[in-house]
Amino acid sequence: MSTNSLGSADGNIEPVSEATRAEARAASEGGGHGDHGGHGHGHDDHVHPAPSNFLTRYIFSTDHKIIGIQFLFSGLLFFILGGLLALAVRWQLAWPWSRVPILSTIMEGEWKTGGQMPPEFYNKLFTMHATVMIFFVIIPLLTGAFGNFLIPLMIGARDMAFPKLNMLSYWFMWPAFILMLQSFVVEGGAAEAGWTSYPLLALFRWATPGSLNGQTLWLMSLLFAGVSSMMGSINYITTILMLRAPGMKLFRMPMTVWALFITALLQAFALPVLTSALVMQLLDRTVGTNFFTPVAWSVANQPGPVGGGQTILWQHLFWFYSHPAVYIMILPAMGIVSDVISTFSRKPLFGYKPMVFAIAGIAFLGFIVWGHHMFQSGMNPALGATFMLSTMMIALPSAIKTFNWIGTLWSGSIHFTTPMLFAIGFVSMFVIGGLSGIFMAATPVDMHIHDTYFIVGHIHYVLFGGSTFGIFAAIYYWFPKMFGRMMDERLGKIHFVLTFIFFNGTFFLMHIIGMHGHPRRIATPYEYEFLNRPGIHFMNEFMTVNALLLGASQLIVVYNFVVSLFAGPRASENPWRANTLEWATASPPPHYNFLKIPTVYHAAYEYSVPGVEEDYLPQTRPLPPASQQMVLEPARG
Amino acid sequence: MISSWIRRVGAAGLLLLGAGCGQLEGPLPLTYSTSIQAQESLADKPLLRATIQQRLTELFGPSPDVMRVPPGAPLPEGGARLAAFAILGDESAEARPRRVAFRTADGQDEPIRGGYAIYREQCMHCHGASGDGNGPTAPFLWPAPRDYRPGIYKFTSTAGSGPDSKPTRDDLRRTIRLGIANSSMPAFESLLTPNEIEQVIDYVMFLSMRGEVEGGLLFLAQDLEDADAETELSPEAVAEVAELVFERWRSAESNVLNPKVPRPEPTRESIERGRRLFLGEKGLQCYGCHGLDGKGNGESFIDYRSFVRAVFEGNPSREKILALKEEAEKANKKWGDDWGNPIRPGNLTTGQYKGGRRPIDIYWRIAKGINGTPMPVHLGSQLTSDEEVWDLVNFVLALPYQPDLLEDAQPVAPGEATAGVAIGSAGSAGH
Amino acid sequence: MRYWSLLFLVTAVLVVAAFGVGAFDPSWWLPENVSLHGPLHIGAEVDHLFILILVITGLVFIGTQAALVWTLWRYPREFQPKATYQHGSQRLEVVWTIIPAAILVFIALYQLGAWTDIKFRSAQPKVPPIAEVTARQFQWLIRYPGPDGRIGTPDDLHTINDLHFVKNEPTVIHLKTRDVLHSFFLPAMRIKQDAVPGLTIPVWFDADRAGTYDLVCAELCGWGHYKMRGVVTVHETRRDFEEWASRALEEQNRSQLATIGGTVATASAATADAGGN
């Protein structure tokens, strides 16, 4: 084998068998239930039969593919919930205090206001919209669903390094789900201090109705979600470092794996801080500690308890996690998009190594920019100036990535498939989301647009135009691998066009009303004279109509997803003619992923290699000798 | 035009979402909450209940959405500013509501939104559709939002107490404009135009009068039998009840308590006289509730711990409030107001005054008390002259800036000789 | 299917066009700016930076979208059956690293001066604070020094949601909060500062036009957040301001209702009478 030397140089042959032994141990523990009777252990057979029991096969499964699909389904369900919450927010902003269809009818028994939502209910809507979308949809979909499903397949492993831990990471999400849903029905209702949960609004039980009980459940729910992410990230890091197939050097890994790897590092380093902050707030709320309460403070006309804490401390701790979390939400999507664009341009990824370094650079800088959320918070303005510098610099790797994507498309042979369209949509929209970030990085400008709709527009261009488009690209791209059936391309394209148009219709004007000073998180802007103008009314109504249509357009993908799941045409092993390892096994892959662990001969993006008949060259096939010299192999070392 | 088009497309979008069953536009119907059904004495008297309901409907309309202004109600413009659509007093019950306009000073007819619409938007989520202080936000507020139906208002300028001391329009206007300090009542001056505030005042008075008439009829019906319903609760008899209510409101403006002498300079002597009054010289027990240190923690009131436990700990609950009441009554302490809500005596050291900070506001609070609360009428009982009230006002206004006024203060026994003590205390006050 | 590129083209054109609507409807643009020509001209600096960044990012946006659209127009599979086999270009990478880096460093350094002018304590105008603004759920409690010129004495003037100052004078307020976080936002003067429990934060601004403007609470502060509107009144001259203040103070000192003759008795008037006697 020509690459043996490469493989052993990286030392990744030995770990494979180690992990297999770990897996064998795990399986033998499960064998106590008696359904593994015929299974032999101890010899070097890597292939385990799939569990035959429905419960262990589909519910409490340790198979990374099943766990990934579990994350996918729960994430998509919460996507619907989060979307409906957003539509109610938009309705209120366009037609304040009017009757919200369905919602008002359901809630009228409690409100007794003729269908008009109470203002605190509006605060719950946007708080829970953001919480659900960030913690239950985007992060679990990108890292949980696609991270789980793809990492072992793309690096040529049979499963994660710690399959049981992996299963736990999913089942730790369920307490989070249940607590969060429960918070809607407790006295006072769900949390309403914004997804940032700034004290003292979040701290004092009577500060606002949602802080009475909902906030406690919110904190506990996020603690569980955080533990789940932590388990996942440890697993991903270990798996990627230890379980790569022979020949899969780090710089031969697909961008998706790179992105998920660095995301996992981000999570592993940032999450402990969020966890401690959540615990501190929980202690402040329940047992009367004073981490965030100033001396003798009083809220809601209640004479104050003792204090001695610092309110801004929460902001530092929270953003120390939550700024990296923004990158946790976008980096995997960037990786996915890189893979999709390269595949459907039939062209090697432009500047693979700079792309990797850019991701690493974003991750590193991501840790030293949290203060840009706090320019107006009362933090020392001199400190703000340093955060401004690092924030400006973080735009650079993003710019490099964008140029490289365009470079990949350039002179490619572009196939306009649905995943490709979403990936191009990602590039196009991410440019807007990235550029609007520069406005906020400039501290004096931030003074005007901080906490306005400009920010809301920015985050939605990054998180919807970016992450969500990436998620859609991933769903359309890997659906055949996940379920062995193809999704309908025509419906997919209609879905893309409508989503793209209505997405822009919904979110672009947020920049405009934001620069006009429209504050965010406000139940109606029209109490303010400078906002009570026909232009602002028009824009708010226009955005809401687009949001409703955007929501309606998603019915297409729901329909497409469900119908294709049961009745889509059977997918071949490699329907997109792609190079990466997950396409080198059956669709859907068997329980053990690969009958024989594949050997990797080259980097992931060898498309249209001269001298090769087809326009792709799977990583499992060596490069033809003629083109060996032409390949820009990554430098050794 | 664009906006209605957009709304229609929006509605269509929701139809696509499968939402479109039933009516999409327009609010859901509102109903008045009613104490008629809850009245125990009427439990087995369906005819009486129905009759009261019918009389109320005849007078005030069936629901907040369809209002009638009863004949003789003391509302400006005949109540036309209550709503954009209204049936006015002299029209038949079958008359269709018609759109009303407000005649502005220059003689133009200008369609108005009406107090009802503004109230719905700004006030209802706390004060409730019926003005019963029980909107969806209300359970999470302390002090509790006002229930207008008994017709009692805390901060009034008129003589008397309880429902007899009706607020003038100016009293209501001030509360709406500036809000109430240390409560959740926001200041609406920057949110509503003066004209809109007048419309809201009309509507608050309307809700209050409706509630009072309802209460009056329930009181009447207590001792009646079902058979008497037609005779005893005839429209004429009900009109008399209503007229009593209207008369009280009508007379408010002429019943204002205007101090006969203006406030004297807050000299050290005046403040010292006020201090001694506060500490009980003439039998006033100010310190009993407000505390010897003025921080609102006096012996006559239920202790602060119990109050916090009942109000702020755990979920808002009627049971805990009732337990607090029981505890207070057992210990012979004050605890709440006439609406059955727990309250605290004012902390006089913060410089925040619920009823306003003008000397005349403080004068009214002291002279005629705060209606519906343990703060009693003082002028004419323990205090005999305006001058004494003003001394107390001067003391109260000085307290936040001279905290040593009440340093180690001890009660002054009524009738205790003044001279020696006064000099000593004045000395300490002058630190 | 090169026509896919048109979707991206049209979107990019509409996005750029959305900023053009501001020429016809001012609510599509930055709000009215009254801090252009005053002594501090904070608004002028902020708007200048905003427009500078808008132009730079706009050009970058147009450039990248043009490249993207052109690529999608030129290289669909029908026109490019076989992709060029190419892994990247070190020269290009260097170029598109250095140029954006230079632009970003330029923006960063260019706006640093404005930031120090606006927020650094060293830049605080040497004037006594015109008022102390204390935020609470859900209003702005404002306290002006009375005739003695000091805040925190019995002659202070108290207003709610009503901030007054004088045109073309650097104005300082002391910002506090009584309960949760709030944010003091004057859109017309381009000033925003959070009010933080336990801190007293000086904030300075000015206005070059008399009039009334909105004071916005920009930090979520509970169920009534949207109701927390204040009004800022800029007076033409110092004398107007003082006139307003003394009238407000007179009302604040009212101790009797107006008599039939229309004269109002106040504590100060009473003192004058007493002096006359």
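The values are calculated or read from the model by the stated rules, or taken from the named source; none is laboratory data. None of these values were measured; they are calculated from a predicted model. Positions of Cβ are generated from backbone atoms using ideal geometry, with glycine treated the same way; all protein chains shown enter the neighbour counts. When the accessible area is computed, the model is the full protein with side chains, heavy atoms only, and any ligands, DNA or RNA have been set aside. Shrake-Rupley method; radii C 1.70, N 1.55, O 1.52, S 1.80 Å.
Okay, here's what the table says:
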{"item": "Some residue of region C:118-132 being part of a helix (DSSP H, G or I), modelled with pLDDT under 95 and open to solvent by 60 Å² or more (accessible area, probe 1.4 Å)", "result": "yes"}
{"item": "Filtered residues of region A:83-104 (kept if part of a helix (DSSP H, G or I) and either touching a residue at least 40 places away in the same chain (Cβ under 8 Å) or within 7 Å of another protein chain (Cβ to nearest Cβ) (or both))", "result": "A:83, A:84, A:85, A:86, A:87, A:89, A:90, A:91, A:92, A:93, A:94, A:104"}
{"item": "Members of region A:376-423 that are open to solvent by 10 Å² or more (accessible area, probe 1.4 Å) and among the aromatic types (Phe, Trp, Tyr)", "result": "A:387, A:403, A:410, A:416"}
{"item": "Identity of the residue in region A:586-609, out of contact with any helix residue (DSSP H, G or I) (no Cβ under 7 Å at 6 or more places or on another chain) and under 22 Å from residue A:64 (Cα atoms), that ends up nearest to the other protein chains (Cβ to nearest Cβ)", "result": "A:599"}
{"item": "Of all residues making up region C:1-28, the number that are facing chain A (nearest Cβ under 7 Å), under 29 Å from residue A:530 (Cα atoms) and either in contact with a strand residue (DSSP E or B) (Cβ under 9 Å, 6 or more places away or on another chain) or outside any helix (DSSP H, G or I) (or both)", "result": "1"}
{"item": "Among the residues listed as C:30, C:14, C:92, the single one being without any contact (Cβ under 8 Å) to a residue 60 or more places away in the chain and buried (at least 18 other Cβ atoms within 10 Å of the Cβ)", "result": "C:30"}
{"item": "Complete set of residues in region A:348-361 that are without any contact (Cβ under 8 Å) to a residue 60 or more places away in the chain and either open to solvent by less than 10 Å² (accessible area, probe 1.4 Å) or touching a strand residue (DSSP E or B) at 6+ places or on another chain (Cβ under 6 Å) (or both)", "result": "A:351, A:358"}
{"item": "Members of region B:185-202 that are touching a residue at least 60 places away in the same chain (Cβ under 8 Å) and not in a helix (DSSP H, G or I)", "result": "B:188, B:191, B:192"}
{"item": "Any chance residue A:118 is in contact with a Gly (Cβ under 8 Å, 6 or more places away or on another chain), without any contact (Cβ under 8 Å) to a residue 12 or more places away in the chain and within 14 Å of chain C (Cβ to nearest Cβ)", "result": "yes"}
{"item": "Given (1) crowded, with 21+ Cβ neighbours inside 10 Å; (2) within 13 Å of another protein chain (Cβ to nearest Cβ); (3) in contact with a Lys or Arg (Cβ under 6 Å, 6 or more places away or on another chain); (4) of a type outside the set (Ser, Thr, Tyr), number of the condition residue B:347 does not satisfy", "result": "(1)"}
{"item": "Residue A:202 crowded, with 22+ Cβ neighbours inside 10 Å, within 14 Å of chain C (Cβ to nearest Cβ) and in contact with a Ser or Thr (Cβ under 7 Å, 6 or more places away or on another chain)", "result": "yes"}
{"item": "Every residue from region A:413-447 that is more than 9 Å from every other protein chain (Cβ to nearest Cβ), polar (S, T, N, Q) and under 18 Å from residue A:397 (Cβ atoms)", "result": "none"}
{"item": "Pairs where the first residue, in region A:330-346, is more than 14 Å from chain C (Cβ to nearest Cβ) and the second is of a type in the set (D, E, K, R), C-beta under 9 Å, 6+ apart", "result": "A:334/A:401"}
{"item": "Region A:594-604, residues that are open to solvent by less than 30 Å² (accessible area, probe 1.4 Å) and more than 13 Å from residue A:248 (Cα to Cα)", "result": "A:594"}
{"item": "Selected residue (only one of B:340, B:356, B:372, B:336 is small (Gly, Ala, Ser) and either within 12 Å of another protein chain (Cβ to nearest Cβ) or open to solvent by 40 Å² or more (accessible area, probe 1.4 Å) (or both))", "result": "B:356"}
{"item": "Index of the failed condition, residue B:307 passing every other in (1) under 27 Å from residue B:386 (Cβ atoms); (2) among the hydrophobic types (A, V, I, L, M, F, W, C); (3) more than 21 Å from the chain's Cα centre (by Cα); (4) open to solvent by less than 10 Å² (accessible area, probe 1.4 Å)", "result": "(1)"}
{"item": "Test for residue C:142: is it among the β-branched types (Val, Ile, Thr) and more than 23 Å from residue C:239 (Cβ to Cβ)", "result": "no"}
{"item": "Answer residue from region C:136-160, given it is at pLDDT 95 or above and within 14 Å of chain A (Cβ to nearest Cβ) and is surrounded by the fewest Cβ atoms within 10 Å (Cβ to Cβ) among those", "result": "C:141"}
{"item": "Residue ID - farthest from residue B:193 (Cα to Cα), chosen from residues in region A:514-529 that are buried (at least 19 other Cβ atoms within 10 Å of the Cβ) and out of contact with any Ser or Thr (no Cβ under 8 Å at 6 or more places or on another chain)", "result": "A:521"}
{"item": "Residue tally, condition in contact (Cβ under 8 Å) with a residue 60 or more places away in the chain, in contact with a Leu (Cβ under 7 Å, 6 or more places away or on another chain) and buried (at least 21 other Cβ atoms within 10 Å of the Cβ), over region A:261-302", "result": "8"}
{"item": "Single match in C:176, C:192 (criterion: open to solvent by 20 Å² or more (accessible area, probe 1.4 Å) and either more than 10 Å from chain A (Cβ to nearest Cβ) or under 29 Å from residue C:39 (Cβ atoms) (or both))", "result": "C:176"}
{"item": "Residue ID - farthest from the chain's Cα centre (by Cα), chosen from residues in region B:65-82 that are assigned to a loop (DSSP other than H, G, I, E, B) and within 25 Å of residue B:170 (Cα to Cα)", "result": "B:71"}
{"item": "Some residue of region B:403-411 being closer than 19 Å to residue B:300 by Cβ, within 14 Å of chain C (Cβ to nearest Cβ) and open to solvent by less than 50 Å² (accessible area, probe 1.4 Å)", "result": "no"}
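The rows are residues; the columns are (1) modelled with pLDDT under 75; (2) open to solvent by 30 Å² or more (accessible area, probe 1.4 Å); (3) touching a Phe, Trp or Tyr at 6+ places or on another chain (Cβ under 7 Å).
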residue	(1), (2), (3)
B:12	yes, yes, no
B:27	no, yes, no
B:98	yes, yes, yes
B:111	yes, yes, no
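To keep it simple, each residue is scored yes or no on (1) in contact with a His (Cβ under 9 Å, 6 or more places away or on another chain); (2) within 18 Å of residue C:100 (Cβ to Cβ); (3) in a helix (DSSP H, G or I); (4) β-branched (Val, Ile, Thr).
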{"position": "A:349", "(1), (2), (3), (4)": "yes, no, no, no"}
{"position": "A:356", "(1), (2), (3), (4)": "no, no, yes, yes"}
{"position": "A:359", "(1), (2), (3), (4)": "no, yes, yes, yes"}
{"position": "A:365", "(1), (2), (3), (4)": "no, yes, yes, no"}
{"position": "A:388", "(1), (2), (3), (4)": "yes, yes, yes, no"}
{"position": "A:392", "(1), (2), (3), (4)": "no, yes, yes, no"}
{"position": "A:397", "(1), (2), (3), (4)": "no, yes, yes, no"}
